[in-house]
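These notes are about the structure you will find just below.
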Amino acid sequence: MNAPRTALVPVAEILPLRHAVLRPGLPPGAAAFPGDSAPGTFHVAAYDEAGAVRACVSFFPEQPSWDAPAAYRFRGMASDPAVRGRGYGVAVLRAGLAEAAARGAGLVWCNGRTGARGFYEHHGFTVVGEEFDVPGVGPHFVFTAKLPAP
């Protein structure tokens, strides 16, 4: 298989996948995040050969609660369960990291599900702090990664 094709897209392009994977059983509006349309926010999708969105992630220009260089927070990272392990999630993450670095970020961070710890650590992220619970979603850690200068 070739590497999945990725693109920066409008948020409407990724909301159905974000809803299906991250907010199943909730109203579709639960998949929309504050800041989805804010200046500086960008969204990445990965497509299969037929043009279907198979993974997505959104990056928001947001500083963490501690002193850090210019940063982007990413949220809403989702991969279609039918294609997990085939590189779609990695593709959107790499494309998003490259775009954040190109926009001058020195750090990216997220509140990631505890179950995804191995994925994030494999891709150069470090856990910061203790595990915490996101009500209605479950246990999370804060993950961070430094970005190379563009």
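The values are calculated or read from the model by the stated rules, or taken from the named source; none is laboratory data. Quick caveat, the model's predicted, so the values are computed rather than measured. Cβ: placed from backbone, ideal geometry, glycine included. Neighbour counts: every protein chain shown.
Looking at the structure I just gave you, is residue 139 assigned to a loop (DSSP other than H, G, I, E, B) and either touching an Asp or Glu at 6+ places or on another chain (Cβ under 9 Å) or surrounded by fewer than 16 Cβ atoms within 10 Å (Cβ to Cβ) (or both)? Taking the combined requirement at face value, the residue does not satisfy it. The set of residues from region 83-94 being among the basic types (Lys, Arg) and either within 22 Å of residue 149 (Cα to Cα) or in contact (Cβ under 8 Å) with a residue 40 or more places away in the chain (or both) comprises 86, 94. Report yes if residue 54 is modelled with pLDDT of 95 or more and farther than 20 Å from residue 101 by Cα, otherwise no. When the stated conditions are applied, residue 54 passes them.
If the condition is being without any contact (Cβ under 8 Å) to a residue 40 or more places away in the chain and either of a type in the set (Lys, Arg) or on the phi > 0 side of the Ramachandran plot (or both), then region 95-142 contributes 113, 117, 124, 129, 136, 138.
For region 62-89, what are the residues that are within 13 Å of the chain's Cα centre (by Cα), outside any strand (DSSP E or B) and at pLDDT below 95? Scanning region 62-89 gives a single hit, 89.
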